[in-house]
Every structure is written in C-alpha cells, then in structure tokens.
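Below: one structure, written as structure tokens.
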Amino acid sequence: MESSDVGGRQQGPIWHRKPGPAARRGVIVNIIHSVKGYHSKTIRFLNVAFDSSGDSLLAGDHQGNIYVFDLNGNRFNLVQRTMQACTALAFNLRRKTEFLVALADYSIKCFDTETQELVSWMRGHDSSVSSISVHGSGRYAITTSTDTAQLWDLDTFQRKRKLNVRQSVGIQKVFFLPLSNTILSCFKDNSVFAWEFDTLRCKYQLPTPVEGSALQYKVFAVTRDGRIFVAGGKSNRLHLWCLESRKLIRIIQMPAKVRAVRHLEFLPDSFDGGSNQVLGVLSQDNIMRFINIETCKLLFDIGSHEEGISTAAISPNGRYIASVMENGSLNLYSVQALTQEGNQPPPPTFKVVENRSRCPSEANKLTMRVTSGRSERPWKSKESKIQSRLLKLQVNTSPENKENELPGGLNKKRLRALLKGFGEYPAKYRMFVWRSLLQLPENYLAFSSLIDKGTHSAFVNIQNEYPIKSQKLLRVLQRTLSALAHWSAIFAETPYIPLLAFPFVKLFQNNQLICFEVVATVVVNLCQHWFEYFPNPPVNVLSMMENVLAHHDKELLQHLIKHNVTAQVYAWPLLETLFSEVLTREEWLKVFDNIFSNHPSYFLMIVVSYIICSRGPLLHCDQKADFEYFFHHRNNLDINVVIKEAYHLMETTPLDIHPQRMLDDFIPLTKGQYPVFNKYPKFIVDYKTQEWERIRQDEIEYLRERQLAHELEAKAQQWKAEDEAWYRKQELLREAEEQRRKMLLEEEEKLAEQRQRLAAVKRELKVKELQFLDASRRRFLKYQQEQRQMELKRLGDDIARKASMREQETAAAIRDVEVQRMELESQRQIFEQHLIKDQEAATKEMKEEVDACRRKVDLEDHLVQRWMEVDREEKQKAQKVAEENLAKAEQKRLDTDWRLRALHKLKGGDQACEKRYQEIAKLLHDNRVKEAELLEAMREAEEKKWEEVTQKKAQLEAEEKAAAAADEHRKQFLEDKMNDTFELAEKLQREDGCFERLCDLKAGCAERGAELQQESGNICLDGFSPSESSSHVSLGRRGEELARRERALLAGVRRLRQELASRARSGRSPARFTATKWTP
C-alpha cells in the first residue's frame, strides 16, 4: 500500500507508482496530512466528496484545508484555506469547477477550484450543517441542520425556501431523489415525507413500519433510479422501502456483531439502469460491509478494528471508494480489486425478512438463515412490486430458447418483439439491454493489463488530428484506442478507427471497460472482412452492398455509376463512421438498438436502406462533390423508414447475394482473456509496423545523439566555468591571505603599544589609589569631629527653644482666657438684645394675626348676610332671577378669562367700565330675546348653580375647620418651641452663672403672653424665652412667613372690596363672591 503525504505541499502527484488491481485489500493509496516541526502532528481529514464524473475527489481537514485530487491525472492541489473545520462538502454543481463547503460557523461557502476565489457566502443556519444535497441539474442545493433545512438557488446563491420543525422533532436529513424533482425529508420521529420540488407540495408520507420491526432511523440511502429507499439506525436491521408502492418490501438483519448503522451508500453500476443492487453498510465497529440486497450475500468489506472507517464516499462511476479513517488519514480503494474472488470474505450469517403481512407473528416465519455456500434467493410475495419470473429458467427448454437466452435473465426473442413494437429500447434500460445483447465478459484483469501498457505511440498526439474540447473525453478516447492498438496491431495503423470508436466513447465515457469491450465486439462482428484489403477500404464488403443495391434499385445504381460515384463514396463513409456523421444521437441509438438485436449483416442492410431511402435527393445530384457532401452530413430523413426498409431488405434479398451468406453469426468476446484478432494482411501491417518502428528508433537515436551532444556541450561549458571559477577563487584566497597577514602584523604592533600604555596607566592608578585612601582617612576624621560639634550645638538649641516655647504658651493661655471671658460677656449682651427683639416681634406678629382673623370673620359674616339678602331678593322676583340666571350661565361659559379681562378693565378707569357695562347690557338684551327658547336650559343651569353654591358653602365650612385645626397646630408648635427654648436657656445660664437673669426673663415673657391671650380672646399663646442662635433663626423664619401671609390676606381683602364696589355700581347681585377661595 503506497502512502502519500500532502503536508507542506500545495500540489504534486498523489502516487509515484499506481498499484495494480491486486493491491492489498484494494487500497490504491493512503493519503495523510502531517505537520513537521518541534511538535509533529497529523491533521485529520473530516469529509470527502466526488464530482459528477467520479474522477476527481474533494477532501477537507479540520483546519479548513480543501484539497482536490485528480485521480486520472494523478495530481492533487490545495484549492482553499478556510481556517475552520468543514462539516459537509458538495462537488457536483452545474459549474464543474465550483464546490460547496459547510463550515463550523454554520455558514456555507462556494469556491472555484481554478481561480481559488470565493464565489459566494451563504448564511442562515443556527446550528452545524450536516449534509448538502445537490439537484441533478446542479442548479439547486439543500443544506440540512438539526433544526432546519434550506433550499438554495446556486445561480443567484439566494435562499428560496426554509423548512422549520419543532425542536422536539428535529431533522435527520433532507435530500433530492435522483433523476426526479422530488425532495425526501426524514425526521427524528421516523416520519418520512416526499415533497414536489416545483410547488413544495407534500406528495406522500411513508407509513409506519411493521409492529415489532420499528427502529430509530438515523442514516438513509436511495438507488440512482429513485425507486428503493433504505433506512437504518441504532439496530442491526435495515428497512427497504419501495417508493413507487410506498411499502416496506424487505427487512435485512445484519450479523449480531453489528449493533448500529452509521452510514449507508449504494455502489453504482453502469449497466444496472440505476437500480443499484450493492449496498455499503458502515457499522459501529468501523467496518463497511457491501451486501447484495437481492441475493442477500456479503460481497466484500473494507476497514478493520485496527484501521477503522469514520465515513466514506463512493464515486458515481463505481470505480473508487474514498474513506476517512479513524486515525484521520484518507484511503482510496479500487472497486475492481475489491470485487475479485480472492478478496471475497467467507459467506455471512445474516437474516432476510420479507414483509408480506402486517402481522408480527408472520414476520418471524419469514426469517431465513444463510449458513454457507451460495445464498438462497428470498421468497417473493405476490404483493411485492419486484418480479423475478424473468430471471427463472424453465426446466424443459428447447435449443432455440437456449440460443435466445441472454445474461441477466433477458430473452433475445422477447427483446426483438419489444423492439418491433416500440421501435427502440427504453432509454432507462438501454445500456443494460446492450450489455446483455453483446454478452460483454467484463474482463477487468485483461483490460487493466492493456491500460497499464500506457498510451500507444500512434495515439500520443491524437489531439492534433481530432481536437476535442472536453479533456476528459479526449483522455477516454486516447485510452480506448491505445487499448485496441495493444490488443491488435492493425488498429494502430487503421486511420478510421477513431471515427468508429468515438460514438461509443462518448456514450460510455464513465466506464472505460464497457466502452472498450463494446468497440471490440463491434469490430469483431460488424466489421467482418474489413481488414482483408488493408490499407484499402473493404472492397469485398462494398461489393456485397453494391450487389444488394443493384438488385433492389438498379436505377439509382446506374445514376451513381454514371457520375463515377463508387461504393467508397456512398457506402464507406457510413460504414467507417457508424452513421455518427449523418444521424442525431437519438436516431443513432435507435439504429443500433436494431443492429445489436439482429444478425451482423443487418448493419450492411441498413446502409443500403439509407441509400435507397435517399434516392430522391441523390437522383438530383450530378456532381461528385455533392454526393460526398451528402454522405458526410445530416439529411432530412425519417430513420424509422430506414429501419423498416432494412428489415424489408433482410427478408427480400436473395440468398446468393445476401450478406448473411458471407458473414458469420454473432460471436461474443471470450471471458478471462480477449480473443486474438489477426484477420488482416499481417505482412503489410508488420512491414508498416517495422517501418514505423525503424523510423521511430532512428528518431529516438537521433534525439538521443542530439541530447548527448547537448549534454556534452553543456558539460564542457560547465567544466570551463568551474575551472575559471576555481582559478578566480584561488586568486581571491591568495589576496585575502596577504591582506590578513598584513592586518595581523598591524594588530600585533597595536597590541604591544596598548600593553605599554596599560602598564603606565596601572602604575598611575595605583599611586592615585594610595593618595585617595590617605585623603579619605583624613576627611573621615574631620567629618567625625564636625559631627560631634554639631550634635552638641543642636542639643543646646533644643533646650533654649523648648524654654522659649513654654513661656510663649503660658502667655498665650493667659491671653486666651481673657479673650474668652470678653467673648462670653459680649455674647451674653448680644443674646439679651436678640431675645428682647424676638419677644417684641412675636408680640407684634400675634397682634397682627389676631386682627387679620377678626377681619376675616367679619368679612365672612358680611358675605353670608349679603348672600341671604340676595336669596330673599331672588325669591321675590322670579322673572328677574330667571334673567340673572341666564346671564350667569353665559358668564360661566366665559369663566376665568372674562374675570381677568374685567379686572384689567376696572383698573383702566370709569370710561372703560361704562363701555364694558354697555356690552354686558347688550349681551343681556340678546339673551332676553332667546329667553323663551332657553327657558328649560336656564332652569337646568339654575339647578346646577345652586348645587355649585351648596358645594362652595360646604367647601367654605371645610376650609374654616381646616383653618381652626391649623391654628391649633400652630399654637401647639409654638408652645413646644418655647418650652425647648426655655430648657436650652436654663442650661446655658447654669453654665455661665446667669440663672437669675433667665428666671426674670421667663417671668416677664409669661406675663406678656397672658396679656396677649386676654386681648385675642380665642388665641392662647405662651411667653417667649431667649435661646441659642438656632432658635433665633427659626423664630425669624416664622415671623417672615406670618408677614407674607398677612400681606396676602390684605391684598385679598382689597380685591374683594373693589369687586363689591364695582358690582354695586353695576346693579348686579354679589352672589358670585361665594365662589372666592380664601388662602389660610
């Protein structure tokens, strides 16, 4: 097993020598990514994905490095560094150079492998993306995470739809079904839904499995034709569903050592029509087993307990298997090597359970154990969609039936009947039918030996003669032609063999073995006697067709002979190109459906039929160039008519000229080794081969001699240059040696001088050191003496300073005592003055407050009396009251604005008042006009007004009670404050020795308070006493507040008097003053 390390390289070969088909356990190469340095380590690969052709592999590691491995070109390239681990890959987009990668930051990026640039960046997932499914057209993709699945348009890279589910359910996988427009969604609750891609309408839901056989689905796989759906999970059972019938058709039970399934994937086959039969099952033991779901036989397995597999991917052409190992490396397996008999393991022991009924008891009866040898076929139920009667041979079969029987269970006679009825085989099964009709042996070893011989020298520069745009198609054509040339030397000299092989190469480009065997079968059977006149065209075959044409359409043949048009012009172009130049793809496939189903002579008959059906245009041609153009280009001809005419020619042509008499029956290729093909003039081919070989050897010898001369010339030039360089180097060395010698002498002289100077400096330093030590000793002694003197002086200064400070402190204390005594005396006098002033201010304030309260009471009494008089007047004059109430209603609508304007106009003088009165009179006159209409409204307004008067009266009483309560509270507050003041003053007097003065002041204040109480009659105040500065401040603030309230009260009284006077002059009722609000 060859190992390849991509570490430290951005590109290079994958393997240095490609292993043959018999590689150990089928491993072609083991790829690792190691980092060498102080801490060597191996970077793990995480995901792999093949492109749509299966010849290129995309791999990503956990550091975000993305590699592309070209398996045909044996090259790898580092195409991107994403700097974060990838969680999913997709390499089968519509633009072949682009790929999708899902990263650990939940985003999806699209890169180009050629330009290595970022194409697009898609975001939208909130968790890690576990899978990417691309539509068959490559234009759409579905990305799946645990909580959502999103559909993307890969042309615009915009999200089209989003599938959300409940968190309790969760998504397992959402993917496209192959070859259809159906989306399959699998959820964690085992529900599976199918959706129409265009409308996203739910098409169907798979039913619940059989009771007793249910398992938790985790992994899924679908065949290429989209008919069989396989699901597995935490069990050793696999459920096979038929998506057409939507039924569970089979339950496969793996061996007991398989406890859980981690990955499922079908192994494609080019000739199974998409109905894949081989399924790869990766279990929890890291071994991937490949089983046949029909025969229930274990074919082979990969991986082991020591080298376990983490995940795997299979190429679409079924040639390679790429697996990510548990150790982080990447293994590439050859399917051809794995399917050899020598690598097959012993037969397995696992069960096959057919689902015939919903009853679990019957499910146990259907269990079949395969012990050894060939596995038995599972019993088919009548309800199953899979029919097997075509695969069973009858016991009593005739020789004719045996001759018609084909591999794969097909019958040639029935195929002909089907072809006759429909005109062609179904496109879905055409390749499978062709393989059965041609009875291809699929000799892998023989074909590999031909391929291993490399490119034949005759086809090294085939691209110059046949420039094909697709490099892949060119490589397949080159390999197929080289294999034919290695098989038989005649094909290396045949100029038309690329034209003959190209249609099959284009059709089977994904399976080169089948392509080669189809071309070889065509050459052996359809090209009989072609090479007998080599290098000339097959004159004998052309003569046979000319005889047939002369028998069925002599007029057309005479017309062709008349214009010198031979069979090499009208028949040979059709033969050597196999109709590929004159037919479309669909027509060509239909023609070869009939050719492969009949005798080889039918091929010649269909050529004659094409000529006869084209007689109309041909009879109008008279130039040889026109005939050549006609048989090298497509023409407007119904191919069904040509096929029908060919069958008519096969039946009506006489036996003496019938090509069937000259051509052998169909002979398939032999199994194991290909037959020897030597039906050609060997001496001509050998002579040409020898000449070509001689010319090639001469050319090689010439090139070798020229290369040798160039090498000798280059070596001579190299020797000359080396001699000159050596002489120059020796001269430079000599000059450098002389220069170094001179420099050495100069350095030695300088060193001697420096040593002398150093000795002199040392002597001077020694002398200076001794002098310095002596001076330092004397200076230290002097310093000690000075220190002692300074210490004595400092002690004397401290003593003198302390004595002086004691005297100053004594004098300052005496002065402070005197000043304190004077301050106390001045404070006592100031306190007495302030106390007297506060007492006088409080007395005056009490008097003013009593006067204000008396005036307030008188005013309220006056207002109440006035209101009672107005009430009596209104009762006497009912009509007048109605008019006044109407005016009041109108006046209420004007409200506060009118009052403000009236007050401002009163200040303007009598003239303004008269003008206002006239306006009011006019307004009253207008109101009287409307009196009859608004009588009811006046009554309602009157009732509302009386209610308002009642409310105002109640409010007035509440305010009076509040004022009485406020007075009581103020009285209590003043008493508390005076008591606090007296207590504080007594304390101060006790401290200062002035208790007698405090008692006198307290007695005087009590007497004055009693006098004030007798004068007010309803207000009782205690006397004031002196206090500290804080009490003085509080009394001052209280005095200011009382003064402010008194000023406000006087202002209100003045306003009330002015309003009463104005109303008296205007003759209006003063009842509105009941609404006046008084402030306490």
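Can you pull the accessible area of Thr199 for me, 1.4 Å probe, Å² to the nearest 10?
90 Å²
Of the cross-linked pairs Lys420/Lys590; Lys888/Lys952; Lys847/Lys952, which ones have a Cα-Cα span greater than 19 Å in the structure shown?
From Lys420/Lys590; Lys888/Lys952; Lys847/Lys952, over 19 Å: Lys847/Lys952.
Solvent-accessible area of Phe176, probe 1.4 Å, all protein chains present, reported in Å² to the nearest ten, please.
Surface open to solvent at Phe176 totals about 20 Å².
When a/c reaches 1.5 or more, the comparison of a/b and b/c decides; with that in mind, is the stretch 528-652 rounded, prolate or oblate per its Cα gyration tensor?
rounded
Rounded to the nearest 10 Å², what accessible area does Tyr466 have for a 1.4 Å probe in the complete protein model?
That residue has around 50 Å² of solvent-accessible surface.
Between Lys428 and Lys469, 0.36 nm times their residue separation minus their Cα-Cα distance comes to what? Mind showing how you got there, number by number?
Details: separation 41, 0.36 × 41 = 14.76 nm, distance 2.74 nm.
The Lys428-Lys469 span can extend by a further 12.0 nm.
Which residues' amide hydrogens lie under 5 Å from the amide hydrogen of Ile31, considering only partners 5 or more residues apart or on another chain, with H built in the peptide plane?
Those qualifying (amide H under 5 Å, at least 5 residues apart or on another chain) are Ser4, Leu330, Asn331, Leu332.
In terms of solvent-accessible area of protein heavy atoms at a 1.4 angstrom probe, what is the ranking of Arg250, Arg139, Arg788, highest value first?
Final ranking, largest accessible area leading: Arg788, Arg139, Arg250.
7 Å from Cα along Cα→Cβ at both Asp664 and Ser168: what's the point-to-point distance in nm?
7.5 nm
For the modelled label position 7 Å from the Cα of Thr584 along Cα-to-Cβ, which residues of the stretch 602-643 have backbone nitrogen atoms closer than 14 Å?
634-640, by backbone N distance to the label point.
Tabulate in residue order the Karplus-calculated ³J(HN,Hα) for the stretch 724-732, using 6.51 cos²θ - 1.76 cosθ + 1.60 with θ = phi - 60°, rounded to whole Hz; enter x for Gly and Pro.
The phi angles translate into 4, 5, 5, 5, 4, 5, 5, 4, 5 Hz.
Distance cut-off 31 Å, Cα to Cα: go down the list Lys506/Lys644; Lys922/Lys945; Lys412/Lys644; Lys162/Lys472 and report the pairs above it. Kindly include the intermediate steps, with their values, before the conclusion.
Working: Lys506/Lys644 27 Å; Lys922/Lys945 23 Å; Lys412/Lys644 19 Å; Lys162/Lys472 37 Å.
With Cα atoms farther than 31 Å apart: Lys162/Lys472.
So, for the stretch 473-556, what is the accessible surface per residue at a probe of 1.4 Å, expressed in square angstrom?
Using a 1.4 Å probe on heavy atoms only, each residue of the stretch 473-556 averages 29 Å².
Taking 0.36 nm per residue of separation and subtracting the Cα-Cα distance, what length does fully extending Lys971 through Gln439 add?
Length difference between fully extended and current span is 178.5 nm.
Ordering Glu651, Glu581 by accessible area with a probe of 1.4 Å, largest first, what comes out?
Glu651, Glu581
Which order do the peptides 940-949, 181-190 take when ranked by the mean count of other beta-carbon atoms within 10 Å per residue, highest first? Present the calculation step by step, with values, prior to reporting the outcome.
Working: 940-949: 14.0, 181-190: 18.4.
Descending packing order for the listed peptides: 181-190, 940-949.
With an 8 Å cut-off on Cα pairs and a minimum separation of 6 or more residues, tell me the relative contact order of the stretch 426-522 in percent.
In percent, rounded to a whole number, it is 31.
Test of understanding: what is the full-extension gain from Glu117 to Val761, defined as 0.36 nm times their sequence separation minus their Cα-Cα distance?
Gain in length upon complete extension: 224.4 nm.
The values are calculated or read from the model by the stated rules, or taken from the named source; none is laboratory data. Keep in mind the model is a prediction, meaning the values are calculated, not measured. Note: ideal-geometry Cβ built from the backbone for every residue, glycine included; neighbour counts use all protein chains shown. Heavy atoms of the whole protein, side chains included, go into the accessibility calculation; ligands, DNA and RNA do not. Shrake-Rupley method; radii C 1.70, N 1.55, O 1.52, S 1.80 Å.
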